[in-house]
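Since the structure comes first, as structure tokens, the remarks are kept for the end.
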Amino acid sequence: MVSCVRKDWQGSEVGEASLELKVAKEETSAHIVHRALVRQLNNARQGTACSKTRAEVRGGGRKPWRQKGTGRARAGSIRSPLWRGGGVIFGPKPRSYETKMNRKERRLALTTALMGRTDDLIVVEEIGDNLARPKTQELLGAIGRWGAAETDKVLLIIPERHENLYLSARNVPRLRLILAEQLNVYDILNADKIIATGSALEKIQEVYGE
């Protein structure tokens, strides 16, 4: 179990929050988290790169010159891979980069990654109640009061979508807003600071706890 300080909108400490999730063994934790990260990045690839072979390039059906007697190297097509404008040898073709991983392993990797970032975890009270209207500067000011530097990449975890909060956060490049039930390994590892509301932490415990 890990205990974290809970802060209010002004950045003052108002209590504590706890999180208890199952983690992988120390000797295998780095390996399973790495596998989950590679899987997520591979599955995000489109795999639509495509080049044409000599059979697919338009033209080249006629032999450019006769086989013998010209003094030049023999050639059968102007679309040979050796020619400018010719086909591509062993070029990329559409393919799937999908990598499989067992559901229990994925969940264990996620909880292990999250528990490994508890030193950078900041628990706050409900944010939406303090945003009567969409205001990016007010949200950034609160994030600064909570302990995140201006240059930090921040992952903000909330229990459910809040329209004013979404509109306030969507235009900030270094701020990533995500629902508690949509956590992923990449966002957890990529963030410098992780901010979660108390109810989001309860949601994480409910969804990913044993």
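Please find the FRET efficiency linking D129 to R161, where r is the Cβ-Cβ separation and R0 is fixed at 25 Å, and quote it to the nearest 0.05. Each step should come with its number before you reach the end.
Details: r = 15 Å, r/R0 = 0.59.
After rounding to 0.05, the efficiency reads 0.95.
Could you list the GluC sites (Glu not before Pro) in region 138-200 that lie in coil according to DSSP, counting only those with at most 13 other Cβ atoms within 10 Å of their Cβ?
Of the GluC sites (Glu not before Pro), the ones in loops of region 138-200 whose Cβ has at most 13 other Cβ atoms within 10 Å are E150, E160.
Compute the acute angle (0 to 90°) between the alpha-carbon long axis of helix 103-115 and the principal axis of greatest extent of the alpha-carbon atoms of the chain; round to the nearest 10°.
Orientation of helix 103-115: about 60 degrees from the principal axis.
So, R0 is 22 Å and r is the distance between the beta-carbons of R176 and T99; what FRET efficiency does that work out to, to 0.05?
Working: r = 23 Å, r/R0 = 1.04.
The value I calculate is 0.45.
Just how large is the dipole of region 46-96 about the Cα centre, in debye to the nearest 20, putting +1 at every Lys and Arg Cβ and -1 at every Asp and Glu Cβ?
Details: 13 positive and 1 negative charges, 59 e Å.
Approximately 280 debye in magnitude.
Taking region 108-210, which trypsin sites (Lys or Arg not before Pro) meet the DSSP loop condition and have no more than 12 other C-beta atoms within 10 Å?
Sparse-neighbourhood loop trypsin sites (Lys or Arg not before Pro): R161, R170.
Using alpha carbons only, how many angstrom separate the centre of region 22-55 from the centre of region 60-90?
When both Cα centres are located, 41 Å separates them.
Checking the cross-link filter: which lysines have an alpha carbon closer than 30 Å to that of K25, excluding same-chain neighbours under 8 positions apart?
Within the straight-line cut-off, K25 pairs with K100, K104, K153, K193, K203.
Considering only the chain, what is the antiparallel percent among its DSSP beta bridges, to the nearest 5?
Within the chain, antiparallel bridges account for around 30 percent of the total.
Quick check on the chain: what are the equivalent-ellipsoid semi-axes from the Cα gyration tensor, as sqrt(5λ), descending, whole Å?
In descending order the semi-axes read 54, 22, 13 Å.
Please report, as a whole percent, how much of the solvent-accessible surface of region 140-188 comes from carbon and sulfur atoms (probe radius 1.4 Å).
44
Taking the chain as the reference, fit the longest principal axis to its C-alpha atoms, fit the long axis of helix 26-43 to the helix C-alpha atoms, and give the angle between the two in degrees, 0 to 90, nearest 10.
Here the helix axis deviates by roughly 60 degrees.
Run the accessible area of region 46-96 with a 1.4 Å probe and give the carbon-and-sulfur part as a rounded percent.
Roughly 53 percent, rounded to a whole number.
So what is the accessible area of the chain per residue, in Å², with the probe set to 1.4 Å? Can you show the working numbers first?
Details: 13310 Å² over 210 residues.
Here the per-residue accessible area is 63 Å².
Restricting to DSSP loop positions (anything but H, G, I, E, B) with no more than 16 other Cβ atoms inside 10 Å of their own Cβ, which chymotrypsin sites (Phe, Trp or Tyr not before Pro) remain in region 74-177? Numbers along the way, then the final one.
Details: sites: W83, F90, Y97, W146, Y166; in loops: W83, F90, Y97.
The qualifying sites are W83, F90, Y97.
The values are calculated or read from the model by the stated rules, or taken from the named source; none is laboratory data. In this text the structure is predicted, and so the values were computed from the model without any measurement. All Cβ positions, glycine included, derive from the backbone under ideal geometry; neighbour counts span all protein chains shown. Calculation scope for accessible area: heavy atoms of the full protein, side chains included, ligands and nucleic acids excluded. Shrake-Rupley method; radii C 1.70, N 1.55, O 1.52, S 1.80 Å.
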